[in-house]
Each structure stands twice: as C-alpha cells, then as structure tokens.
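Below is one structure, written out as structure tokens; comments come after it.
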Amino acid sequence: MANLASNFLGIKSPNPFWLASAPPTDKEYNVRRAFEAGWGGVVWKTLGEAGPPVVNVNGPRYGAIWGADRRLLGLNNIELITDRPLEVNLREIKAVKRDYPDRALIVSIMVPCDEASWKAILPLVEETGADGIELNFGCPHGMSERGMGSAVGQVPEYIEMVARWCKQATRMPVIVKLTPNITDIRYPARAAKKGGADAVSLINTVSSITSVNLDTFSPEPSIDGKGSHGGYCGPAVKPIALNMVAEIARDPETHGLPISGIGGVTTWRDAAEFLALGCGTVQVCTAAMTYGFKVVQEMIAGLENWMDEKGHADLDSVIGRAVGNVTDWQYLNLNYIAKARIDQDACIQCGRCHIACEDTSHQAITHMVDGRRHFEVIEEECVGCNLCVDVCPVENCISMVPLKPGEVDKRTGKVVESDYANWTTHPNNPMARQAAE
Amino acid sequence: MAGNSLKEGIAAGRLEPDDYARNFSDLHPPLDAHEARVEADRCYFCHDAPCMNACPTSIDIPLFIRQIQTGNPLGSAKTIFDQNILGGMCARVCPTETLCEEVCVREVAEGKPVRIGELQRYATDTAMAQNKQCYRRAPATGKTIAVVGAGPAGLACAHRLAMKGHDVEVFEARAKSGGLNEYGIAAYKATDRFAQAEVDYVTAIGGIAIHNGKTLGEDIHLGDLLGQFDAVFLGMGLAGVNALGAGDADAEGSDDAVDWIAGLRQAGDLSTVPVGRRVVVIGGGMTAIDAAVQARALGADEVTVAYRGPQSRMKASPFEQELAQTKGVALQFEMQPKRVIAEGGKVVAVEFERRGESVTVACDQVFKAIGQSFAPGSLNGSSPSITLDGGRIAVDGEGRTSLASVWAGGDCTNSGDDLTVTAVAQGRDAAESIHRALTA
C-alpha cells in the first residue's frame with residue numbers, strides 16, 4: 001500500500017492534501033470538521049494585524065461560471081482576509097493544533113508592508129504552536145488596493161524584503177504564496193528564495209470578472225448594481241497553475257525550492273499532476289467549497305490506488321517526476337511526426353473532426369467517401385495537430401499515431417528520421433544558420 | 001375504480017373522474033428551462049447533421065438546440081418555424097424515433113438520442129406562450145389564393161403564402177380547423193387544446209381567413225375557386241375510410257377508429273365517451289395504436305390490436321408499440337380479419353384467420369383502423385379533371401397537380417408518408433412554388 005505521508009519543510013501531515021487559506025479555514029469549527037473528514041493539513045485563513053478587523057461586503061462575495069447541469073467550473077470571490085478579531089483566531093488555532101498534532105496547520109498572514117507590522121504578529125502566531133506561516137502576497141482584490149496581497153506579490157523586491165523580515169523574526173518555516181497576476185512567475189519565486197523563504201505556494205487567484213448581467217449591465221457578483229474584480233479559482237485555472245508551478249520547478253535559479261501547489265485541484269488526478277510537476281503538497285479550496293470536505297476521501301483513495309497500480313511507494317517517488325519533461329519549444333523534436341487515425345468502429349459520425357479541420361485547420365479529414373458519410377484522415381494533409389482528437393466526443397476514437405523512422409510522411413514526402421532534431425539546428429532558423437557560418 | 005368499470009357491453013364513465021385527467025395527461029411532461037439546457041448540452045452540433053437530413057421539413061436541429069443551450073429559446077423557435085410553422089405540433093406527434101432521433105449520433109453511440117422532439121416543444125412552447133410572432137407579412141401582392149383544408153398542409157401553405165404578402169382564404173369542411181391535429185391524433189399527445197392554440201398562433205400573422213363548414217364538392221367547387229382565385233392549394237386529407245370487406249357487420253359496436261377518435265377528441269367530458277369492456281382494434285398503424293391506447297385510457301378492460309401482418313411490417317413504430325403494451329394493450333400479429341360477428345344487432349366477436357387457423361376474439365366493440373383513402377368525389381367535375389395516382393392526387397416535386405394553378409399537398413397526394421411533418425413540408429413547398437408562379 002502506497003504511503004501518502006507528507007513531509008514538507010519538516011511539517012508532517014498524513015497526506016499531501018491541505019485546505020488552502022480561504023473561507024473553509026476561517027474558523028475552528030470548519031477546521032475541526034476538515035480534520036475529521038481526513039484533510040492532511042490546513043492553511044488558516046489569512047490573519048491581519050491586531051485591531052479592528054476588516055469588513056466584508058454584505059452582498060454576494062462569489063461569482064461562478066458553470067458547465068452543463070451547473071457543474072461549477074470556475075469560482076470568483078471578493079471576500080477579504082479574515083474579518084474576525086486576531087485574538088479569536090489565534091486562540092482557535094492553538095486549540096485546534098493541540099487537538100490535532102499529527103496534522104499540518106499553517107497560518108496565512110497579511111499585514112502592512114513594513115517590518116514592524118510583521119514583527120508584531122509573528123510571535124503571536126508562533127505562540128499558537130502552528131507549524132508554519134504562509135505570506136499572502138496573492139489576493140488580487142480589496143487588500144491589494146491597500147498595498148497588501150498581490151500589490152506586494154507583483155513587486156519581487158517587496159517579496160524578498162518581507163520574506164527576509166519573516167525569516168529573521170521567526171523559527172517557523174516560511175512559505176510565500178504567489179500571485180499569478182504577473183508576467184513571469186519566475187521573478188517573484190526567485191525573490192522569495194533570495195529572501196530566504198523555505199517554500200513557495202501557488203497560484204493565488206486570478207483577477208477576474210466572471211460575467212456581466214445583461215439586464216442590469218452590472219458585473220457579477222453584483223453589489224447594489226456594481227461589481228469589482230475578484231479572484232478566480234477552481235477547475236478552470238488549473239492549466240495556468242500547472243504551468244506556473246512547472247516554470248518554477250525547472251528554473252535553474254529556483255529548482256528544488258519546495259512548492260505547495262494550488263489551483264483547481266478537484267480530484268486525485270489533479271493532485272498527482274501537481275506532485276509530478278514538483279509540488280510537495282497540494283492545497284484545495286474550490287472543490288471543498290463545492291462538494292464539502294468529504295471530497296478528500298476520493299482524493300486520498302484515488303492517489304493511493306494510482307500509486308499502488310504504478311508501483312510508487314511514497315510521495316517522493318512521484319514528486320517532480322514530470323519536471324524534466326517540461327522544456328522550451330525550441331527543444332521539441334521536429335523529427336517526431338504523428339498522424340491522426342480515426343477508429344472507424346468507434347466513430348459515431350458526428351463530423352466534428354471534419355468540420356473543425358475543414359473550416360479552421362488543414363482540410364485533412366474527409367466527410368463523404370464514395371457518396372457515403374465517412375470520416376477519415378487524409379495523411380497527405382494531416383500535420384498531426386491534435387485538434388480532431390480534442391473535439392471528438394468519443395474517448396479514444398481518434399488517436400495520434402507516430403510514424404516510425406524509415407516511413408514516409410505523405411504530407412512532405414520525406415522519410416522519417418530517427419535522429420532528434422529541433423529548431424535550434426533547423427535550417428529555417430536564422431539563428432541556426434548564423435551559428436553554422 | 002368506479003362501479004361500472006367492468007360493465008359488459010359499451011359504456012361511458014368506466015373510471016373515476018381523476019383517472020381521466022391522469023390517463024389523458026401529457027405523454028411527455030414538458031421540459032423546464034434547466035432540463036432543456038442540460039438536454040441541449042448533449043447535442044454535439046454535428047456537421048451536416050444526420051437529424052436534420054432525416055427531418056422531412058429539414059429543420060436546422062443542431063442550431064435550434066444550440067440556441068436553447070445558450071438561453072435563447074425564442075431564437076430557437078424561429079429556427080424551427082423557419083422550416084416548420086407547425087413545429088409545436090410536430091414536436092408532439094412526430095415519430096421522432098424513426099426520424100431525427102433514430103439517426104442522432106448519440107443513438108448510434110449510446111442508444112440514447114438527444115430528445116430532439118421534447119427540445120423542439122420547449123422552444124416552440126416558449127414562443128407560443130409569449131405569443132411571439134417571428135414573421136411580418138411582405139407588402140401586399142394583391143394575389144389571392146384558396147386553400148382547401150385547414151389541416152397541417154393547408155395551414156403551412158397558408159402561412160407561407162401570407163408571409164409572402166398574398167391573401168389567403170382557407171375552406172375547411174369541419175367545424176374546427178387543424179385537421180387531424182384537432183380530430184385525429186391521440187388526445188394525450190396534444191393536451192390543453194393545443195391544436196386550436198396552434199391554429200390561432202399560425203393565423204395571427206394576418207392575411208388568412210378561414211371558412212369552416214365548407215366542404216369541397218358540396219359547398220364549394222374547384223371550378224369556382226379557379227375562377228375566383230389566382231391559385232388553389234388542395235390539402236383536404238383523406239375523407240374516406242377503408243372498408244373491412246365482406247365480413248363487416250352493420251352492428252352496434254362496429255366503428256371506424258378515425259370517427260371514434262374524432263368523437264373522443266371533441267368530447268368536452270371524457271367520462272361521457274362510451275367504450276367497450278373488451279375492444280378489438282383491427283389495423284397496425286398509428287391510428288390503431290391511438291385508438292387502442294385511448295380505449296384503455298377510457299377504462300376498457302381488455303384491448304387487443306390485431307394486425308394482419310407480422311410485427312416487422314407493422315407501421316406503428318416500435319416506440320408506439322411499446323407504449324401500447326405499457327398501457328396494457330395486447331398486440332397480436334398475422335391476424336387476417338374474416339368477419340365481425342354480431343348477435344342481436346350487437347358486436348360480440350371478431351373472427352380472424354391466423355396461420356390457417358380460425359381465431360375468434362370476443363369483444364363488445366371493434367375499431368377498424370385499416371387505412372384511409374382519398375375521396376375523389378370532392379373533385380367533382382366542376383373543372384378539368386386532375387390526374388390521380390394510386391387513388392390520390394398526383395403532384396410533382398413542388399406540389400403542382402396536372403391542372404394549371406392548382407397545387408396539392410398532404411395526405412390527399414400521392415407523394416407522402418401520411419405524417420403531419422410531411423404534410424407541413426409539402427404545404428410550405430407548394431406555397432413557395434405558388435409564390436414563384438404568381439410573381440414570375
């Protein structure tokens with residue numbers, strides 16, 4: 001049986017599934033329910049400085065987009081950091097940690113960007129017995145306008161500075177949570193590392209407007225007819241998160257920096273993908289907010305079953321396994337040639353492959369053959385783009401079949417070579433020609 | 001059950017009042033907005049969609065379903081009405097299982113087609129509930145056209161002609177318009193007086209005057225119409241009922257299914273419609289099934305559909321057959337009717353020959369549903385004769401008869417399959433042909 005036990009920065013949890021800093025982790029009541037349900041850890045919802053807490057809007061805080069049958073695909077929120085008094089949160093954190101010593105309990109913090117503010121709060125958090133802190137440099141709404149959250153996360157120098165203050169002021173491991181609302185995620189990650197952070201976590205939410213009400217012309221969620229950009233999360237953002245995680249994992253400057261992966265983790269499979277791209281743990285919010293805490297049971301069982309099936313004994317056998325396969329476009333093998341092939345027995349004749357290829361791509365799939373509705377790949381035209389696979393409603397009906405070395409690519413008339421060859425050496429590349437001179 | 005549910009002979013009021021409402025309620029309850037969007041999402045928006053090719057009126061089904069999916073049911077309704085102004089009734093009565101839904105790729109893939117008929121009903125009902133008219137009439141052409149018959153073919157023809165700016169006068173033999181939609185099909189397929197609502201919706205475009213109680217050959221004559229109108233469209237359906245043959249008894253309880261159904265459809269109170277305790281329906285088409293299922297719904301204890309051929313040749317679709325069986329109707333095949341047996345002026349049994357053996361089925365009432373025929377007497381020599389083919393009016397691909405200025409469509413012609421949707425297509429196409437001829 002695969003061992004799911006996680007050791008992230010020395011913080012142990014029975015599994016790598018943590019609840020992200022968010023509404024589900026705002027109170028002792030919720031967190032206890034989460035631990036009872038089996039979550040390996042939680043990142044307590046972001047604490048602010050002592051004094052009067054922030055206030056939230058009193059209208060809707062969330063907006064969403066849905067697939068058919070209202071399957072929630074993306075969620076957006078304009079909720080701020082905790083709006084409960086600091087001392088209440090600290091008291092509850094301490095009580096929960098005492099009762100669940102085997103679970104990870106990280107505390108998310110966001111205070112004004114000055115050293116005194118950070119130094120004031122860190123001892124208070126440390127006193128709770130929490131396992132670590134996460135610096136919230138990510139929230140794109142509300143707090144950012146007050147110079148916190150993503151306003152810090154968008155300036156690498158600030159990240160480095162605050163991370164350093166924290167490392168100096170506390171013995172607790174420091175995780176820096178990064179915003180995706182930035183051009184190149186490697187810069188803030190590098191800054192966090194330079195500042196001494198023990199790990200990064202990402203992604204925080206993506207700045208977003210989920211929809212516009214076409215009766216009132218108000219953005220959603222609408223507060224008395226007005227809306228504000230919120231933070232987007234859920235299944236829709238996972239591809240963005242995977243890429244950003246991978247960029248950090250394979251960047252020579254940050255390679256090896258522990259990562260806690262966040263962004264649309266909904267199933268065990270999503271989690272396994274984040275682990276494979278270098279994450280030591282994953283953090284979940286939207287899935288729990290959609291289905292309740294019980295979803296973790298599926299994640300635990302699914303990850304365990306997959307690891308057993310593949311013979312991965314523990315998380316370390318999985319973490320980072322895909323990182324080496326993420327490369328720059330210029331290093332992709334141009335001698336790898338694949339052609340779409342349609343399984344005629346599986347084909348249900350919807351014609352989507354044909355019309356997608358015919359209208360928008362390469363005119364490489366038939367519609368009628370000998371007066372009969374028939375969809376077949378014209379290899380002379382097929383560039384192997386995979387669009388037909390992506391639009392086909394039948395799983396495994398269309399597959400991409402690589403040509404073997406020695407075979408002739410009917411499109412180009414050239415024999416497929418066995419050598420690896422990429423753009424850097426391609427004759428059409430002006431840079432390559434220059435190098436050859 | 002009421003006390004006379006098992007009363008011998010033919011009797012009305014076999015059931016409790018609530019039973020009638022339940023038995024004659026919508027066969028498929030309408031989809032609500034969410035159900036419609038979920039079902040619409042199942043559509044793959046096929047290229048050169050098989051469903052569309054299978055539709056006699058060529059409705060752009062993928063487009064109208066996508067419009068439902070995107071929350072635009074009125075746009076969806078227009079897509080439907082563009083091809084089929086009686087899309088509301090067709091959504092209810094089309095044998096979709098042998099047309100669009102039979103070839104749906106989801107049927108091929110998983111045996112569960114997109115519920116195209118129910119989606120079509122959702123869109124058209126939405127438009128009709130809001131009385132949303134999708135069309136305005138073109139400027140008046142000054143041309144007038146006579147349409148004979150206010151059934152599906154005649155209404156479709158009249159609507160399209162009115163759209164083009166022509167004035168249309170419709171002559172209908174019956175007291176109400178709608179044709180078989182009003183008098184023929186099973187009540188549970190068109191509840192809440194839908195046929196009349198649809199007639200009102202279709203004629204609301206304007207330029208269509210309907211004259212009821214005008215029978216061709218009796219009250220009006222083709223020769224006169226040709227003198228008064230720029231063109232004539234004949235869509236009077238089939239007035240004749242095929243006879244059983246020599247063995248038919250002129251006895252109480254021996255009824256034509258179409259007449260009995262028409263009476264049922266017009267009954268204000270279903271508990272007043274008499275039906276036998278034991279009923280035999282002779283025939284194998286939709287009318288036979290409609291009569292049999294409605295006889296059961298009225299409380300008949302035993303209902304048997306006796307078809308002369310094998311099951312494979314039965315014209316009623318497998319869906320209709322299964323519906324009948326689910327409602328407790330027994331289906332019997334290879335039952336060649338020999339004679340209706342009467343005693344004391346009342347039907348007591350029907351004798352069949354089955355694989356060389358004589359089979360007698362006892363019953364109080366027998367419905368004959370062995371087909372209808374065109375009554376050529378309506379073309380009574382007031383004009384040059386119109387060529388018939390197979391006993392029905394011969395038409396070309398766009399509905400022209402052998403007589404200049406006369407078009408025809410629907411069941412009275414030789415070109416269809418006696419489906420509502422086909423009649424609509426023919427009426428529409430004839431209107432286009434008439435328009436071309438009158439504006440050439």
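Coordinate-derived values only; no laboratory data. What you see is a predicted model, and the numbers here were worked out from it, not measured in a lab. Quick reminder, even Gly has a Cβ in these numbers, built from the backbone with ideal geometry, and neighbours come from all protein chains shown.
What order, most packed first, do the peptides A:396-406, B:287-297, A:76-86 have when packing is the mean number of other Cβ atoms within 10 Å of each residue?
Numbers: A:396-406: 14.2, B:287-297: 27.4, A:76-86: 20.7.
Ranked by mean Cβ neighbours within 10 Å, highest first: B:287-297, A:76-86, A:396-406.
Under the definition of partner shielding as Cβ atoms of other protein chains within 10 Å of a residue Cβ, what is the mean value for peptide A:349-362? Mind dumping the intermediate values first?
Values: counts 8, 14, 8, 5, 1, 3, 4, 1, 0, 1, 1, 0, 0, 0.
The shielding value for this peptide is 3.
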proj_area_mean for segment A:211-261 (convex hull on C-alpha atoms), units nm², value 5.0 nm²
Under 5 Å from the placed amide H of B:Val147, counting only residues 5+ away or on other chains, we find B:Glu169, B:Val170, B:Phe171, B:Phe233
Helix-only estimate, please: 222 nm mean residue ellipticity of chain B, summing -39500 (n - 2.57) across DSSP H runs of length 4 or more and dividing by its residues, to the nearest 500. -10000 deg cm²/dmol
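Which values, in whole Å and largest first, are the semi-axes of the equivalent ellipsoid of segment A:100-233 obtained as the square root of 5 times each eigenvalue of the Cα gyration tensor? Mind dumping the intermediate values first?
Numbers: eigenvalues 183, 55, 36 Å².
The three semi-axes for segment A:100-233 are 30, 17, 13 Å.
Order the peptides B:67-76, A:256-265, A:292-301 from the highest to the lowest mean number of other Cβ atoms within 10 Å of their residues. Each step should come with its number before you reach the end.
Working: B:67-76: 19.3, A:256-265: 26.1, A:292-301: 17.5.
Top of the packing list down: A:256-265, B:67-76, A:292-301.
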Using the crude model of +1 on Lys and Arg Cβ and -1 on Asp and Glu Cβ, and no other charge, please compute the dipole size for chain A relative to its Cα centre, in debye to 20. 780 debye
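Give the order of B:Phe367, A:Phe274, B:Phe374, B:Phe81 when sorted by the count of other beta carbons within 10 angstrom, beginning with the fewest. Write out the running numbers ahead of the final one.
Numbers: B:Phe367 31, A:Phe274 28, B:Phe374 21, B:Phe81 24.
Least crowded to most crowded, the residues run B:Phe374, B:Phe81, A:Phe274, B:Phe367.
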How compact and how long is segment A:100-165, expressed as Rg and Dmax of its alpha-carbon atoms in Å? 12.6, 38
With labels modelled as points extended 7 Å from the Cα through the Cβ direction, what inter-label distance (nm, one decimal) is found for A:Arg321 paired with B:Glu218? 8.4 nm
Taking a ≥ b ≥ c as the square roots of the eigenvalues of the Cα gyration tensor, with a/c under 1.5 meaning rounded and otherwise prolate when a/b exceeds b/c and oblate if not, segment B:241-371 is oblate
Cysteines, chain A, no other Cys beta-carbon under 4.7 Å: A:Cys113, A:Cys139, A:Cys166, A:Cys233, A:Cys279, A:Cys285, A:Cys347, A:Cys357, A:Cys382, A:Cys385, A:Cys392, A:Cys397
Packing-based order for B:157-163, B:60-66, using average beta carbon neighbours within 10 Å, highest first: B:157-163, B:60-66
Under 13 Å, Cβ to Cβ, from B:Val293 - net charge with Lys/Arg +1 and Asp/Glu -1: 0
So, in Å, what gap is there between the alpha-carbon centers of segment B:1-55 and segment B:80-155? 17 Å
Heads up, segment A:6-325 by the C-alpha gyration tensor (a ≥ b ≥ c square roots of eigenvalues; a/c under 1.5 rounded, else a/b over b/c prolate, else oblate) looks rounded
For segment A:378-389, Karplus-derived ³J(HN,Hα) couplings (6.51, -1.76, 1.60; θ = phi - 60°; whole Hz; x for glycine and proline) come out as 8, 4, 5, 10, 6, 9, x, 6, 5, 4, 4, 4
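Mind checking the dipole of segment B:33-130: about its Cα centre, +1 per Lys or Arg Cβ, -1 per Asp or Glu Cβ, Debye to the nearest 20? Each step should come with its number before you reach the end.
On the way: 9 positive and 13 negative charges, 45 e Å.
Here segment B:33-130 has a charge dipole of around 220 debye.
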For segment B:33-130, the charge dipole (Cβ of Lys, Arg +1; Cβ of Asp, Glu -1; about the Cα centre) points to a positive end, and the Cα of B:Ala109, B:Gly88, B:Asn53 closest to that extreme belongs to B:Gly88
In nm, give the distance between the simple-model label positions of A:Trp329 and A:Arg91, each being 7 Å from the Cα along the Cα-to-Cβ direction. 5.7 nm
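Any idea what the relative contact order of segment B:33-130 is, in percent, if you count C-alpha pairs under 8 Å spaced at least 6 apart?
On the way: 142 pairs, mean separation 32.5, N = 98.
RCO, segment B:33-130: 33 percent.
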Considering Cα pairs under 8 angstrom that are at least six residues apart, work out the relative contact order of chain B and quote it in whole percent. 18 percent
What Kirkwood hydrodynamic radius, in Å, does segment A:248-403 give when the mean of 1/r is taken over all pairs of distinct Cα atoms and then inverted? 18.8 Å
Quick one: which residues, 5 or more positions from B:Ala349 or on another chain, have an amide H under 5 Å from its amide H? H modelled 1.01 Å from N in the peptide plane, none for Pro or chain starts. B:Ile341, B:Cys363
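Going by the alpha-carbon gyration tensor, a ≥ b ≥ c the square roots of its eigenvalues, is chain B rounded (a/c under 1.5) or, if a/c is not under 1.5, prolate (a/b greater than b/c) versus oblate? Working shown, then result.
Values: a/c = 1.81, a/b = 1.27, b/c = 1.43.
Judged from the Cα gyration tensor, chain B comes out oblate (a/c at least 1.5, b/c at or above a/b).
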The percentage of Cα-Cα pairs in the protein assembly as shown separated by more than 40 Å is 57 percent
Within 15 Å, Cβ to Cβ, of A:Cys357, how many net charges do the neighbouring residues add up to if Lys/Arg are +1 and Asp/Glu are -1? -4
Rounded to the nearest 500 deg cm²/dmol, what is the calculated helix-only ellipticity per residue at 222 nm for chain A, with -39500 (n - 2.57) per DSSP H run of length n ≥ 4? -8500 deg cm²/dmol
Of A:Ile81, A:Gly230, A:Asn243, farthest towards positive along the dipole that unit charges on Lys, Arg, Asp, Glu beta carbons give the protein assembly as shown: A:Ile81
State which entries of B:Lys7/B:Lys346; B:Lys132/B:Lys214; B:Lys176/B:Lys214 exceed 22 angstrom in Cα-Cα distance in the structure shown. B:Lys132/B:Lys214
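Which longest run of chain B has no exposed loop site in it, a site being GluC sites (Glu not before Pro) in a DSSP loop with at most 14 other beta carbons within 10 Å, and the site itself not part of the run?
Working: sites that count: B:Glu8, B:Glu218.
Between the exposed loop sites, the longest stretch runs B:219-440.
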Each label sits 7 Å from Cα toward the beta-carbon; between B:Gln133 and B:Gln336 the label points are separated, in nm, by 5.7 nm
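Taking Cα pairs under 8 Å and at least six residues apart, what relative contact order does chain A come out at, in percent?
For chain A, the relative contact order is 13 percent.
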Counting only DSSP beta bridges with both residues in the protein assembly as shown, tell me the antiparallel percent, nearest 5. 40 percent
Place a +1 charge on the Cβ of each Lys and Arg in chain B and a -1 charge on the Cβ of each Asp and Glu, then give the dipole magnitude about the Cα centre in debye, rounded to the nearest 20. 540 debye
Label point 7 Å beyond Cα of A:Asn56 along Cβ direction - residues of segment A:266-289 with amide nitrogen under 19 Å: A:284-289
